[in-house]
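The values are calculated or read from the model by the stated rules, or taken from the named source; none is laboratory data. Everything numeric here is computed off the predicted structure, so don't read it as measured data. Every residue, glycine as well, gets a Cβ built from its backbone with ideal geometry; the counts of neighbours run over all protein chains shown. Only protein heavy atoms, including side chains, enter the accessible area calculation; ligands, DNA and RNA are left aside. Shrake-Rupley method; radii C 1.70, N 1.55, O 1.52, S 1.80 Å.
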Amino acid sequence: ANDGYMASIIAVDINGTGGGTSTAAPHRRDVYQPTQRMVAEAEDAVSASNNISDSIEWIYPFNGKTYGLSNGSRFYESVSAFGSTWGLEFATSSSTGGGGLLPFGSNMYYGQNTVLGQYNGTASNHNFATFNSATAGPRPMAVIAGRLAIGNQRNIATLDSDETTFNATRLQLPIGYVVRSLELWNNFLAIAADFTPPSAGQPISSRLFLWNGTAATYTDSLELPFTSAPLLITNNNLLWIIGSDTASNMSIHAFNGSALQQAFFYPNTVPHGIGSRTRFQGNILFGVNGRVPSANGGVWMIG
């Protein structure tokens, strides 16, 4: 057989020169290295109250524009589907637990600490539906079996395709778990949740739950190698799991349905937020924060 050779490779460390756990030794084999900086889009300057004053955790296009929900209580709108100038559309009720945003049917839905909001592109209804728990927490969303599924503490709430029938406790996970990320994978709803004992203030373990969207309980579960529940995203029939390792760096695993394997390690970075991942042109994009003040955050790509 003919020999094969690699002429060049860009943005991947193929050798590695250190442990990858500090700024003094940032290189680790198979680690992606950043290649360029991002450029911020313009901000609406009509008034100071319209300025973007907090971090936007969720971004989705809807009806020819792009919308973003912050990690506080603000709902932003761009002037076009591809961004450009951004400004405040309206203030929501509190979404300090992480919010959630997704188009479904004829409307855009956004998560808040106590209630689910609905927006049709013109008018909003902050109190469209009420969750069974008012505890601040993330409200990740996905569509499974024709329903909008919404994380609700240890529950998965659902909204039927009639956009009227709401069930705040359609699926319940074991006591102590909190849903952090949702993703549709191979006709299952993949759910990342972490467990906090009653006497603890922080999660001590996390699991991946799989649900078919109709059964009374989840189909299967798998222990994950992270204390806090990771981000989930699918690509090329794999479920990608983006989490932090014990050194507060990023560790990315891939799950094929039977085996969970580490795919990449990213030194000096941590996931930015529960909504900071998407697919673009066959690749995965995800946002990161620098682990130390001198390290820049940005957007990484797996492709």
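Numbers below:
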quantity	calculated
For the range 88-173: accessible area per residue (Å², 1.4 Å)	35 Å²
Accessible solvent surface per residue of the range 193-253, calculated while the other protein chains remain in place, 1.4 angstrom probe, Å²	43 Å²
Area accessible to solvent at residue 228, 1.4 Å probe radius, in Å²	70 Å²
The range 179-224 and the range 110-150: distance between their alpha carbon centers, rounded to Å	19 Å
Chain lengthening between residue 120 and residue 50 when straightened (0.36 nm per residue, less Cα-Cα)	23.2 nm
Residue 255 - accessible surface, heavy atoms, 1.4 Å probe, Å² rounded to 10	20 Å²
Residue order for 223, 43 - accessible surface, 1.4 angstrom probe, largest first	223, 43
Burial ranking of peptide ranges 183-195, 166-178 (average Cβ count within 10 Å, highest at the top)	183-195, 166-178
Phi to ³J(HN,Hα) by Karplus 6.51 cos²θ - 1.76 cosθ + 1.60 over the range 174-183, Hz, x for Gly, Pro	x, 4, x, 8, 10, 6, 10, 8, 10, 7
Stretchable slack from residue 186 to residue 199, in nm (0.36 nm times residue separation minus alpha-carbon distance)	1.0 nm
Directionally averaged projected area (convex hull, Cα atoms, the range 101-216), nm²	7.0 nm²
In nm, spacing of pseudo-spin labels at residue 234 and residue 221 (7 Å Cα→C-beta vector)	2.2 nm
Simple spin-label estimate for residue 41 and residue 165 in nanometres, 7 Å along Cα-Cβ	3.6 nm
